[in-house]
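Notes for the one structure printed next.
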Amino acid sequence: MEDILSAKEISSDTSETTRRIREEPRRRSKVSIKGVNAWFGSKQALKNINLEIEENTATAFMGPSGCGKTTLIRCLNRMHEMTPGAKAKGQVILDGIDIYDKSIDPVIIKRRIGMVFQKPNPFPTMSIFDNVAAGLKLNGIKDKKLIREIVEESLEGAGLWEEVKNELDKPGMGLSGGQQQRLCIARALAMQPEILLMDEPTSALDPLASSKIEELVHKLKKDLTIIIVTHNMQQAARVADRAAFMYLGEMIEYGFTKQIFQNPEQELTERFVSGKFG
Ligand SMILES: Nc1ncnc2c1ncn2[C@@H]1O[C@H](COP(=O)(O)OP(=O)(O)OP(=O)(O)O)[C@@H](O)[C@H]1O
Ligand SMILES: [Mg+2]
């Protein structure tokens with residue numbers, strides 16, 4: 001849509017969207033979701049989803065319970081197909097390559113696209129340090145100095161280093177819920193992902209711990225692309241550049257967050273963002 005506006009149209013049109021196109025730098029597409037359908041057995045959970053995710057942005061997926069938000073992000077890193085009986089069709093183009101192409105190893109996709117879940121899930125028997133280092137070790141990195149550096153960098157990146165730097169050998173499970181979630185973010189960052197998928201990452205956290213995660217989203221998107229599922233519309237408004245509203249497995253509307261909240265095109269979106277259902 002943005003691409004087809006000519007310079008003349010841009011200079012004569014003063015609409016909100018055009019104004020924002022002028023103000024915002026044009027970003028590169030990171031992921032193109034093209035005609036994605038997904039099923040659990042015979043039950044269709046996603047219907048013909050099409051979406052462009054731009055690099056270094058945060059996109060919020062919103063919609064009522066059961067509309068397919070989790071299923072969609074799980075289709076973006078090939079986790080969906082790990083559920084017995086589940087299948088997905090369509091294309092997910094990451095930097096020009098379809099992650100569903102037969103030649104693609106799903107393990108590499110999971111490395112490039114990290115994920116953080118609703119409930120913090122540190123590895124239960126491991127120390128703080130080992131939680132972050134585990135993926136590196138699994139990937140054959142043995143250099144202890146390098147592992148230490150990456151662990152420190154990742155904990156810094158997740159805004160947790162100052163709180164844990166003197167207790168790296170203590171169990172990850174001993175941290176507070178908010179700290180555990182930041183530990184899980186550090187664990188994902190250690191793999192140096194290009195995209196971070198966050199499935200309701202603050203729904204189990206108190207407001208202070210949630211606001212720390214929101215601050216992190218702002219900071220992290222400078223280096224990576226973030227997709228965050230959230231039930232909390234204020235949170236979507238605070239953290240997301242783009243927002244997508246889903247309903248019964250369909251993508252109803254997608255656009256600049258401000259537009260979705262203040263001037264949605266679809267009546268269903270309007271009803272959802274004004275709290276009439278969901
Ligand atoms: N493992 C599963 N087996 C069968 N059906 C499933 C499974 N997981 C999800 N579904 C169904 O797929 C649809 C989409 O579910 P999904 O979990 O993606 O929704 P959601 O938008 O993330 O909801 P919520 O906000 O409650 O997390 C729902 O109808 C759900 O019942
Ligand atoms: Mg969900």
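Taken along the Cα-to-beta-carbon direction at a fixed 7 Å, the label points for GLN44 and GLU153 span 4.5 nm.
Charged side chains reduced to their Cβ positions (Lys and Arg at +1, Asp and Glu at -1) give the range 68-149 a dipole of some 180 debye around its Cα centre. Straight-distance candidates among the aspartates and glutamates for linking to LYS110, with alpha-carbon spacing under 13 Å and chain neighbours fewer than 8 residues away dropped: GLU81, GLU194.
Ordering CYS67, PHE272, LEU175 by Cα displacement along the dipole of the range 26-273 toward the positive end leaves CYS67 in first place; charges were set at the Cβ atoms of Lys, Arg (+1) and Asp, Glu (-1).
Find out how many positive minus negative residues lie around VAL116, taking Lys and Arg as positive, Asp and Glu as negative, among other residues whose Cβ is under 12 Å from that of VAL116. Here the charged neighbours net out to +1.
Here the chain is treated with +1 on each Lys and Arg Cβ and -1 on each Asp and Glu Cβ, and its dipole about the Cα centre works out to around 620 debye.
Calculated on the Cα set of the chain, radius of gyration then Dmax: 19.4, 62 Å.
Here the chain exposes an accessible surface that is 51 percent carbon and sulfur, computed with a 1.4 Å probe and the other protein chains kept in place. For ILE228, the residues 5 or more places off, or on other chains, whose built amide H falls under 5 Å of its own are THR59, ALA60, PHE61, MET198. Take every DSSP beta bridge whose two residues both sit in the chain; close to 60 percent of them are antiparallel.
Using R0 = 22 Å, the C-beta based FRET efficiency linking ARG111 and ASP143 works out to 0.75. What the chain shows is 50 Å² of accessible area per residue, with the surface traced by a 1.4 Å probe over protein heavy atoms.
Within the listed set ALA134, ALA58, ALA240, the residue fluctuating most in the Gaussian network model of the chain (springs between alpha-carbon atoms under 10 angstrom) is ALA134.
For GLU55, the residues 5 or more places off, or on other chains, whose built amide H falls under 5 Å of its own are ARG28, SER29, LYS30. Listed by chain and number, the lysines placed with their C-alpha closer than 17 angstrom to that of LYS47 are LYS34, LYS69, LYS87, LYS89; residues fewer than eight positions away on the same chain are left out.
Greater than 24 Å separation of Cα atoms is the criterion. Which listed pairs, LYS142/LYS221; LYS165/LYS212; LYS30/LYS102; LYS145/LYS170, meet it? Table pairs above 24 Å Cα-Cα are LYS142/LYS221. Sorting HIS80, HIS231 by accessible area puts them as HIS231, HIS80; the probe is 1.4 Å, largest comes first, and only protein heavy atoms count. Every helix of 4 or more DSSP H residues in the chain counts as -39500 (n - 2.57), and over all residues that averages to -10500 deg cm²/dmol at 222 nm.
The values are calculated or read from the model by the stated rules, or taken from the named source; none is laboratory data. Values in this document were obtained by computation on a predicted structure and should not be read as measured data. Because the Cβ atoms are built from the backbone with ideal geometry, glycine has one as well, and the counts that use them run over all protein chains shown. All accessible areas refer to the heavy atoms of the entire protein, side chains included, with ligands and DNA or RNA removed. Shrake-Rupley method; radii C 1.70, N 1.55, O 1.52, S 1.80 Å.
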